[in-house]
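Take a look at the structure set out below.
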Amino acid sequence: MGEGSRLVAGARTYWLIAGMWVRSTMAYRASFVMTTFGNFAATFFDFVTIMLMFSRVDALGGYSLPEVAFLYGLSGVSFGLADLVIGSMERLGRRVRDGTLDTLLVRPAPVLAQVAADRFALRRLGRVTQGLLVLGWSLTRVEIDWTAARLLLMPVMVASGFGIFCAVFVAGAAFQFLAQDASEVQNAFTYGGTTLLQYPPTVFAKELVRGVTFVLPLAFVNWLPATYVLGRPYPLGLPGWVAFASPLVAVACCALAGLAWRAGLRSYRSTGS
């Protein structure tokens, strides 16, 4: 089977399994509404914390509240979409430990698609909605000199951030083939990563900023392109064109994550139970 055929088969498998979970969820509409609202409220309190900070200060790392909200919204939407589509990858370690991954291996469908769509949680739309609302509010308050390049960069940021977070989810799942009980380690880079990106890069030490720029390139989710949109210099003094490198970084991250996934899957040994 060629690479194109595998992608088509994977997409079809994903939508079939995800659709099954959506139908199951919508059978209990009241429960769906309540859990979605709960997801929305839980993430909203993160932004409330930021607003409380600004009740005491006028700026955070030189950034105003609308500018921080801009970073927060971009990070929240990108991560929320990745969490919605592929967030179930964090459950892989449990399947490896109890041997239920074997049931996925014997099915005539790509394992990655099966794991990603497993227990697809439509309630995660609450996080995406909350991020969109904060982003929309920030755009009505922040002062931006809109140009064609800045306008183009907005959807590119969200799409690239989505791809980068998806790659982190897949790479973290691949690590669980070895560690087996490393979901919290994975969460440190996924949920922890989006929390980090909600704040300006200027509040962190340069060593940390270098790490999330050159080692785990989360900075390309929003920090680098957003500083260009906001007309601010990046703490590391990188050239302006780097702000447009997010799509290339996302593709590279996805390719590396794919290689890590294949290596992890080849190393898998059944529990024998």
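The values are calculated or read from the model by the stated rules, or taken from the named source; none is laboratory data. In this text the structure is predicted, and so the values were computed from the model without any measurement. Positions of Cβ are generated from backbone atoms using ideal geometry, with glycine treated the same way; all protein chains shown enter the neighbour counts.
With (1) loosely packed, with under 15 Cβ neighbours inside 10 Å; (2) farther than 25 Å from T100 by Cβ; (3) in contact with a helix residue (DSSP H, G or I) (Cβ under 8 Å, 6 or more places away or on another chain) as the list, and L248 as the residue in question, which single condition is left unmet?
Looking at each condition in turn, L248 falls short on (3).
Would you mention how many residues in the stretch 136-149 are of a type in the set (F, W, Y) and in a helix (DSSP H, G or I)? Full working, then the answer.
Within the stretch 136-149, the subset of a type in the set (F, W, Y) is 137, 146.
Filter once more, so that each one left must be in a helix (DSSP H, G or I): 137.
Here the count works out to 1.
Is it fair to say L133 is among the hydrophobic types (A, V, I, L, M, F, W, C), in a helix (DSSP H, G or I) and under 27 Å from T13 (Cβ atoms)? Full working, then the answer.
On the way: among the hydrophobic types (A, V, I, L, M, F, W, C): yes; in a helix (DSSP H, G or I): yes; under 27 Å from T13 (Cβ atoms): no.
Considered against the rule, which asks whether it is among the hydrophobic types (A, V, I, L, M, F, W, C), in a helix (DSSP H, G or I) and under 27 Å from T13 (Cβ atoms), L133 comes out as no.
Which residues, taken from the stretch 215-229, are surrounded by fewer than 22 Cβ atoms within 10 Å (Cβ to Cβ) and within 18 Å of the chain's Cα centre (by Cα)?
V215, L216, P217
Restricting to the stretch 17-40, name every residue that is touching a residue at least 60 places away in the same chain (Cβ under 8 Å), within 27 Å of Q198 (Cα to Cα) and not hydroxyl-bearing (S, T, Y).
Passing the criteria: F37, G38, N39, F40.
Is it fair to say A159 is assigned to a helix (DSSP H, G or I), modelled with pLDDT of 90 or more and under 19 Å from G258 (Cα atoms)?
yes
Kindly indicate the residue of the stretch 87-112 that is assigned to a helix (DSSP H, G or I) and of a type in the set (A, V, I, L, M, F, W, C) and also surrounded by the fewest Cβ atoms within 10 Å (Cβ to Cβ) among those meeting that condition.
Among those residues, the one meeting the criterion is L105.
Quick one: count up the residues across the stretch 1-47 that are exposed (fewer than 11 other Cβ atoms within 10 Å of the Cβ) and either among the β-branched types (V, I, T) or not in a helix (DSSP H, G or I) (or both).
3
Which residue pairs have Cβ atoms under 8 Å apart, sit 6 or more places apart or on different chains, and have a first residue in the stretch 56-67 that is more than 17 Å from G231 (Cβ to Cβ) and a second that is part of a loop (DSSP other than H, G, I, E, B) and modelled with pLDDT of 90 or more?
D58/S64; L60/Y199; L60/P200
When residues of the stretch 175-189 are filtered for being part of a helix (DSSP H, G or I) and surrounded by fewer than 23 Cβ atoms within 10 Å (Cβ to Cβ), how many remain?
Summing the residues that are part of a helix (DSSP H, G or I) and surrounded by fewer than 23 Cβ atoms within 10 Å (Cβ to Cβ) in the stretch 175-189 gives 10.
Would you check which residues across the stretch 219-273 are aliphatic (A, V, I, L, M), under 19 Å from M154 (Cα atoms) and not in a loop (DSSP other than H, G, I, E, B) and list them? Outline the logic, then answer.
Restricting attention to the stretch 219-273, the residues satisfying the condition of being aliphatic (A, V, I, L, M) are 219, 221, 224, 226, 229-230, 236, 238, 242-243, 245, 248-252, 255-257, 259-260, 263, 265.
Among the residues that remain, those that are also under 19 Å from M154 (Cα atoms) are: 219, 221, 224, 226, 229-230, 242-243, 245, 248-251.
Residues satisfying the conditions are A219, L224, A226, V229, L230, V242, A243, L248, V249, A250, V251.
Going residue by residue through the stretch 200-208, is there one that turns out to be of a type in the set (S, T, N, Q), surrounded by fewer than 23 Cβ atoms within 10 Å (Cβ to Cβ) and either closer than 18 Å to F79 by Cβ or in contact (Cβ under 8 Å) with a residue 24 or more places away in the chain (or both)?
Checked against the condition, which is being of a type in the set (S, T, N, Q), surrounded by fewer than 23 Cβ atoms within 10 Å (Cβ to Cβ) and either closer than 18 Å to F79 by Cβ or in contact (Cβ under 8 Å) with a residue 24 or more places away in the chain (or both), the stretch 200-208 yields at least one hit.
Based on this model, can you work out whether L197 counts as within 18 Å of the chain's Cα centre (by Cα), crowded, with 22+ Cβ neighbours inside 10 Å and either closer than 21 Å to R94 by Cβ or not hydroxyl-bearing (S, T, Y) (or both)? Spell out how you get there, then give the answer.
Numbers: within 18 Å of the chain's Cα centre (by Cα): yes; crowded, with 22+ Cβ neighbours inside 10 Å: yes; either closer than 21 Å to R94 by Cβ or not hydroxyl-bearing (S, T, Y) (or both): yes.
Considered against the rule, which asks whether it is within 18 Å of the chain's Cα centre (by Cα), crowded, with 22+ Cβ neighbours inside 10 Å and either closer than 21 Å to R94 by Cβ or not hydroxyl-bearing (S, T, Y) (or both), L197 comes out as yes.
Here is a list: R232, R150, R127. Which entry is charged (D, E, K, R), surrounded by 17 or more Cβ atoms within 10 Å (Cβ to Cβ) and out of contact with any strand residue (DSSP E or B) (no Cβ under 7 Å at 6 or more places or on another chain)?
R127
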